[in-house]
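Everything below concerns the one structure shown next.
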Amino acid sequence: MSTYRAPLSDMRFVLFDLLGADALFARLGFAEATRDVVDAVLEEGARFSETVLAPLNRVGDEAGCQLDPATGDVTTPPGFRQAYAHYVDAGWAGLVSPVEYGGQGLPQTVGVPVKEMIDAGNLAWGNFPLLTHGATEALLHHGEDWQRDAFLGPIVEGRWTGTMCLTEPHCGSDLGLLRTRATPNDDGSHAITGTKIFITAGEHDFTDNIVHLVLARLPDAPAGSKGISMFIVPKFQIARDGSVGARNALRCGALEHKMGIHGSATCVMNFDGAQGWLIGEPHKGLAAMFTMMNTARLAVGLQGLGLADRAYQNALRYSRERLQMRSLSGAKAPDKPADPLIVHPDVRRMLLTQKALVEGGRALAYHAASLLDIAAHADDAGERERAEALLGFLIPIVKACLTEWGVECTYHALQCFGGHGYIAEHGMEQLARDARITTLYEGTTGIQALDLVGRKLLQLRGAGLKQMLAMIEQFCIEQQGNAAVAEFIAPLRDKAGEWQQLSLAIAQSAQGDADEIGAAAYDYLFHSGYVALAYWWARSVAAAEASSQPESFKQAKRETARFYFARILPRTLVHRQAIESGAASLMSLQAAEFGT
């Protein structure tokens, strides 16, 4: 059975030594988010994740969720409902939600490490409150006053949870094909009819009511994505005065049988004339839904990070304890019948890969969260605009890279266990199965890559990229003469220049052939991710050296950064070569010839 210990020391290092979160919070007006308060939140989050959620991880995998086909009710695994009651009673549901609706109003940057701990403790359980924040964001930005008054209090308190109902059986990411209908009622509401699939926490026994955000078409809707509207459709009808009425005309028709996250209810939801209320403007639902996409995609990236860290912790422990063969350079534990796994170079390769991707990924993700806070709360409009642009550029990198690295890290962890990793006893195979979904939902890796290249790089003229390159150059200038990071400056500058050149080359190639965008997107995304992580590793070494951290901590950062620059950053060479090869090698083979 796998275990979990929250990496509080590294979390604090990233927040305070690397990002300067305490000064940032003070500047943004978060008077309550003092160092002491944040430390207390982290400590309590660790306790909840380690002692309440982590022990239920295997329980959820083995028991799964159960559907009563007669009623459409879903029963969650043993202990899950009680854990949610604990979560609500402790105030976690409203940690970063507005104070005026019952939340604690803390920064998103504080909520992110708590989210990481929850996902590492029990990813399947963490999916139930995952999208509730999206419902809050949608109502805050697009809801009418009465909708905010009626829905936000119970949602923020955790008495109701939320979902996002996008996907339909015949369409996945191409939402322009959706068919769910919204017919106006006399009272100003709409009758929602259609079927949605892959709905996380669409039905469960945690709360009395569940609030569904549903994309549907009005009768006069134009075809395609420009004809989509968004509706709030509760499990139990809600009147304009906030009173709860009869059971709505919707139900869970089936639970998906999945590769992993068995403890999470992934539902087929059938809407049969259910009462729903329009949120925002007609036919503008997709734009409204994208209000939530930055936070939702960051949240899924954190899932990859949390699983990777838990897998790494267990692989490290096992590699220290497990005796297997002698070191090639001579016995390292001569008093024992064999040496521990950790002395072998290939095991160290896998462990260091995990450590480098987890700790570098944590810096990348927490920085993105800080941009959410800046974009929402900075006094200067220009600063808010710049933060929004950089955040938009980084989100597809965070979501795709952290989830793909989560799959890689859980693979390496399983491999460290050898045959014992493949059986259920040690929990590694569950982590590997659970990690696989993270690269798919909230937009596959390919969708993130297209968003990064097609929209953030080309349509928006690389506004976020320019900021990122400027940050790298500024860091390199500031660190001139700092012996602690001198070895990283030249390769970092070189990779930043390569990043810029590839961006310009893709833009030029796309003018002659639009397929060049799709052909380059995947490799460009990962090239971007590895360069971004190089920046954060160099900054981590500089921040560690300037901090009061123990010498052992500083040494670990230096050596891990050296490993990253020597053995992981060179992956960019493969991605660059793939980009430069162009679209021809991908597009020349005709569809009919694939089977020959």
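Taken together, Ala387, Ala363, Ala400, Ala368 contain a single residue that is free of Cβ contacts under 8 Å to residues at least 60 places away in the same chain, in a helix (DSSP H, G or I) and crowded, with 20+ Cβ neighbours inside 10 Å, which is Ala387.
Results for (1) part of a helix (DSSP H, G or I); (2) surrounded by 17 or more Cβ atoms within 10 Å (Cβ to Cβ); (3) touching a residue at least 40 places away in the same chain (Cβ under 8 Å); (4) outside the structural domain of His426 (by TED's automatic domain parsing), shown as yes or no for each residue.
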{"position": "Glu32", "(1), (2), (3), (4)": "no, no, yes, yes"}
{"position": "Asp39", "(1), (2), (3), (4)": "yes, no, no, yes"}
{"position": "Glu43", "(1), (2), (3), (4)": "yes, no, no, yes"}
{"position": "Asn57", "(1), (2), (3), (4)": "yes, yes, yes, yes"}
{"position": "Ala70", "(1), (2), (3), (4)": "no, no, no, yes"}
{"position": "His86", "(1), (2), (3), (4)": "yes, no, no, yes"}
{"position": "Glu100", "(1), (2), (3), (4)": "yes, no, no, yes"}
{"position": "Pro113", "(1), (2), (3), (4)": "yes, yes, yes, yes"}
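Filtered by the rule that a residue be touching a Pro at 6+ places or on another chain (Cβ under 9 Å) and surrounded by fewer than 16 Cβ atoms within 10 Å (Cβ to Cβ), the range 4-30 gives a lone residue, Leu8. What is the number of the single condition among (1) crowded, with 24+ Cβ neighbours inside 10 Å; (2) closer than 30 Å to Leu431 by Cα that Gly253 does not meet? Condition not satisfied by Gly253: (1). Considering the conditions (1) surrounded by fewer than 17 Cβ atoms within 10 Å (Cβ to Cβ); (2) on the phi > 0 side of the Ramachandran plot, Ile261 is excluded by exactly one of them, (1). For the range 264-296, the set of residues classified as part of a strand (DSSP E or B), on the phi < 0 side of the Ramachandran plot and out of contact with any helix residue (DSSP H, G or I) (no Cβ under 7 Å at 6 or more places or on another chain) consists of Thr266, Cys267, Val268, Met269, Asn270, Phe271, Asp272, Ala274, Gln275, Gly276, Leu278, Lys284, listed by residue number.
Look at the range 197-209: where a residue is closer than 9 Å to Thr163 by Cα and in contact (Cβ under 8 Å) with a residue 12 or more places away in the chain and a partner is buried (at least 22 other Cβ atoms within 10 Å of the Cβ) and among the aromatic types (Phe, Trp, Tyr), sitting 6+ places away or on another chain with Cβ atoms under 6 Å, you get Ala201/Phe128. Inclusion of Ala376 among residues that are outside the structural domain of Ala542 (by TED's automatic domain parsing), assigned to a helix (DSSP H, G or I) and surrounded by 17 or more Cβ atoms within 10 Å (Cβ to Cβ) is not warranted.
Among the residues of the range 131-143, the ones that are of a type in the set (D, E, K, R) and in contact with a strand residue (DSSP E or B) (Cβ under 8 Å, 6 or more places away or on another chain) come to 0 in all. Just the residues that are among the charged types (D, E, K, R), assigned to a helix (DSSP H, G or I) and buried (at least 23 other Cβ atoms within 10 Å of the Cβ), please, taken from the range 415-448. Within the range 415-448, Asp434 is the sole residue that qualifies.
The values are calculated or read from the model by the stated rules, or taken from the named source; none is laboratory data. Note that the coordinates shown come from a computational prediction; the quantities given were computed from them, not determined experimentally. A quick note on method: Cβ atoms are made from the backbone with ideal geometry, for glycine too, and the neighbour counts reach across all protein chains shown.
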